[in-house]
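The values are calculated or read from the model by the stated rules, or taken from the named source; none is laboratory data. Model, not experiment: these values are computed from the prediction. Don't worry about glycine lacking a Cβ; one is built from the backbone with ideal geometry, like all the others, and counts go over all protein chains shown. Each accessible area value is taken on the protein alone, full model and side chains, heavy atoms only, with ligands, DNA and RNA left out. Shrake-Rupley method; radii C 1.70, N 1.55, O 1.52, S 1.80 Å.
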Amino acid sequence: MDSTIEKLLLQVQKPGRYTGGELNAVVKDKDKVDVRFAFCFPDEYQIGMSHLGMKILYGLLNSREDCWCERVFAPWTDMEALMRENGVPLYALESLDPVSDFDIIGFTLQYELSFTNILNMLDLAGVPLRAKDRTELKNLVIAGGPCACNPEPIADFIDLFSLGEGEEITHEIVDLYKQAKLEGWSKQAFLEKAAQIDGVYVPSFYEITYKEDGTIGGITPTHGAPEKVTKRIVKDLNSMYFPEDFVVPFIETVHDRIMLEVMRGCVRGCRFCQAGFIYRPLREKDSALLNGQGVALCESTGYEEISLSSLSTSDYSHLEDLLSDMLPWTERDKVNLSLPSLRIDNFSPELMEKVAKVRKSGLTFAPEAGTQRLRDVINKNISEEEIMNTCRTAFEGGYTSVKLYFMLGLPTETLEDVEGIAETAQRVVDLYYSLPNRPKGKSVSVSVSVSSFVPKPFTPFEFEPQDTRETLRQKQAHLLASLRSKKISLSWHNVNVSFLEGVLARGDRRLCGVIEQAWRRGCHFDSWDECFKIDVWEQVMQELGVDPAFYANRRRSFEEIQPWAHIDFGVSKAFLIRENKKAHEGLTTPNCRQQCSGCAANKLLGGACFA
Amino acid sequence: MHNVRLFFEKKDRAKYISHLDMNRCFQRALKRSKLPVWYTQGFNPHMYLTFALPLSLGFESERESVDLRFTEELDLGLAAKRLATCLPAGLRVLELAPPREKPAAIASADYLVIAKTEDPADWAAAFERFVQQERIITQKRSKKKGMVEVDLKPMVHACKVEAGDGEVQVRLNLPAGCSENVNPTLLLDAFEQSAGVTADAVSVLRTRILTADGVDFA
């Protein structure tokens, strides 16, 4: 190992995350590949190594003989300080080579609060932050992932964004890059060609004008770039690339297990949920194929747990088949099966029995809102009765602890809705003690976790003002005062964090300067309490004359040009407006399987979603 | 149920795998090997793995051991070969054998300490003076009493110092095991503090684990 890096390792927490050399890590001869790709996750190793998308693209890029993809994570603050002190640049874990040696530096954008980490990582790598200051083709900085649906707040730092699912477009970008490198194109020539790839967005090719009131006046493409860039999807998940092995970390990560993605997209249409819209249309994977991939991954990794992941796993139409296929061998080989993201309204006793066969842990449900009225507003189509029935099934099946997720600050929310959260939790406690066949001699525990609602692009609530921090704090206090039982525990999110997330989520290019300044004054790892500095952010915004309320707390008219107006993620604006109006009327929309509500995402499939 | 002892080497990048992570690492390697490992019976079945003598994070070792159980009798040579293909780089299977002694029989360990320094002769001389003192007093953290004063002198069973080119090699034998255990770092830290000498880099390699009779733990 490199002795300068090694010297630092025994002085930091968990050095196992900085050494590489894990099982199934891919090592190639750098002289025998055409393109070196640094896949950067802008958060610490334990978070990044839990991310399925990175595992897929890592495997996919390394399946090419002409490309070597390596992993890069944000070093934790102790390691970063030592690296800066000793002049050790950011390096990739497979070769331990500096990131500045790489052709393509790709970031995945999983949450807005990781934006400052991107700047920090570029800086640690010695790569200029702003796209215009990087004049060579080498060190091309690209980004993709869910937050690329509104790429504007980081538009000045990124050369190109890859919109939507990466399995096909990443190959196309690497192919073009390879040609450009071998033929000696300029960076500009490469970007002009790249902008013609479906789903590639080159922000420097768009001119933005602003009106006097600060809203956007127009977005004009230049250099022949398309007027609208539409996200990419993989039409058929069954023929899509999926890795046969995962890198198995030495240190424990957040999701330290095999993840099998049973489907993409969600049929539900909960109006607050960005993922529910930006991953449309729904596509499912064949259960026999999934079972085979599960077997193969167990053999190649030795993992003791498989999670069946998706946005709403109990909506996967072949779940019973898949569980029937998987239970015999997972039980035999002592592999735990976990099913996150179950919905309350289709959690059958049969399903619970199958899940409980493997391991019994706590149950988590997300009613999201405390009253039926508000659940109708957000289109969370579940009833109080369903919540109680599910809890009854769970308690009678031996569970004694239930976790309930709610949100505060949803559009139209009143204090009555807030009290409804406390009442719902209380009724769950009362239900437990009313059951004659509850687990004997055990007390019940109901954990209520409330986050603060953040309006996001490409949702029916993208027009809504976010509750101010004062309002959110009042609602939190009101909720706390409404709780009566010691069996209920309450936790909530820091409102400052939700506020900054709200600013960045619907921000425009004028925030690039804010993000850079905040980073220069020490902001990074903003999603970590111990690193989050709201006072610095507020001060920077004030100094730069940026009003955060303009982005977070303002109602936007349906006619306003949103900063992401030139980006198409499938769902049409007309649909979002229809859904917004229905929300304010308290009307629900049936799920996609019951009735198509014309969101327009099916155009990506070239036909109906459910043929 | 058949008890076996796996001997392995831990080197290079693998030295950064902590003791806790070693457990998980071996569980996964054993799972990949598909060898018939015995699981504890109960609510939460898991592999029964016992490392005889934990190795500090950052130390390398030529011979470590972990005890496990198989559900059936196996050709241990073949089983070792199979397991060898399942371990990550830096961990190498040496041997799979029936255990001879209990881990409690471990009494001491040999270490090779290599200190990189520009002035090996100075460092070596200072270290010699340090270990030849009548008493080597230092502070040691005890679980029950907090920081306590200890004399390391009687615990340094053997010590051979050799200055080379740009480095000093120190061969130590120190008490190890459950009754008395001295980590070489304790001695090295005490040396740096009292002599005021620091090396550019210090690496520690455990070369042997020994019983009270002075033979290899097996």
Q. Just by accessible area at a 1.4 angstrom probe, what is the order of A:187, A:573, A:193 from largest to smallest?
A. A:193, A:573, A:187
Q | Kirkwood Rh (inverse of mean 1/r, distinct Cα pairs), chain A, angstrom | A | 25.6
Q | Inter-chain Cβ neighbour average for residues B:10-17, partner chain, 10 Å | A | 6
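Which net charge results for the neighbourhood of residue B:200, defined as the other residues with beta-carbon distances under 11 angstrom from its beta-carbon, given Lys and Arg at +1 and Asp and Glu at -1? Could you put the intermediate results ahead of the total?
On the way: positive: A:7, B:116; negative: B:118, B:119, B:167.
Combined, the nearby Lys, Arg, Asp and Glu give -1.
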Q: Taking just the C-alpha trace of segment B:2-99, give me its Rg and Dmax in Å.
A: 12.8, 37
Q | Relative contact order (percent, whole number), segment A:455-611, Cα cutoff 8 Å, 6+ residue spacing | A | 29
**Q.** Spin-label pair residue A:78/residue A:372, simplified geometry with 7 Å Cα→Cβ offset, distance in nm
**A.** 5.4
Q) How big is the B/A interface in buried accessible area, both sides summed, 1.4 Å probe, to the nearest 100 Å²? A) 2100
Q. Near residue A:178, which lysines are there with a Cα under 27 Å away, not counting those fewer than 8 places off in the same chain?
A. A:28, A:30, A:32, A:55, A:132, A:138, A:187, A:193, A:228, A:231, A:235
Q: Rounded to the nearest 0.05, what FRET efficiency do residue A:244 and residue A:396 give with R0 = 56 Å and r taken as the Cβ-Cβ distance? Could you check?
A: 0.85
Q) Order of A:536-544, A:8-16, B:71-79 by packing, highest average Cβ count within 10 Å first? A) A:8-16, A:536-544, B:71-79
Q.
Could you check the spin-label model distance between residue A:557 and residue A:188? Points 7 Å from the Cα along Cα→Cβ, value in nm.
A. 3.9
Q.
Averaged across A:15-23, how many Cβ atoms of other chains sit within 10 Å of each residue's Cβ atom?
A. 6
Q | Above-threshold pairs, the threshold being 23 Å between Cα atoms, out of A:403/A:487; B:116/B:160; A:14/A:403 | A | A:14/A:403
**Q.** Projected-area mean, segment A:201-293, by convex hull of Cα positions, square nanometres
**A.** 10.8
(Q) As an exercise, use a Förster radius of 60 Å and the Cβ-Cβ distance of residue A:449 and residue B:171 to find the FRET efficiency, rounded to the nearest 0.05. (A) 0.60
Q: Give me the aspartates and glutamates in straight-line cross-link reach of residue B:143: C-alpha distance below 20 Å, same-chain residues under 8 apart excluded.
A: B:151, B:180, B:189
Q | Selected from B:46, A:63, A:383, residue furthest toward positive end of dipole (the protein assembly as shown; charges at beta carbon) | A | A:383
Q. How far apart, in nm, are two points set 7 Å out from the Cα along the Cα-to-Cβ line at residue B:19 and at residue A:196?
A. 6.3
Q. Taking accessible area as the heavy-atom solvent-accessible surface of the protein chains with a 1.4 Å probe, which residues of segment B:24-55 lose no less than 50 Å² upon going from the isolated chain to the full protein assembly?
A. B:24, B:28, B:31, B:32
(Q) When a/c reaches 1.5 or more, the comparison of a/b and b/c decides; with that in mind, is segment A:40-186 rounded, prolate or oblate per its Cα gyration tensor? (A) rounded
Q | Charge dipole of the protein assembly as shown about the Cα centre (unit charges at C-beta), most positive-ward option of A:398, B:187, A:295 | A | A:398
Q: Over chain A, calculate the relative contact order: mean separation of alpha carbon pairs under 8 Å at least 6 apart, over the residue count, as a percent.
A: 14
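Run the helix sum for chain A: -39,500 (n - 2.57) per DSSP H stretch of 4+ residues, divided by residue count, reported at 222 nm to the nearest 500 deg cm²/dmol.
So the helix-based figure for chain A works out to -10500 deg cm²/dmol.
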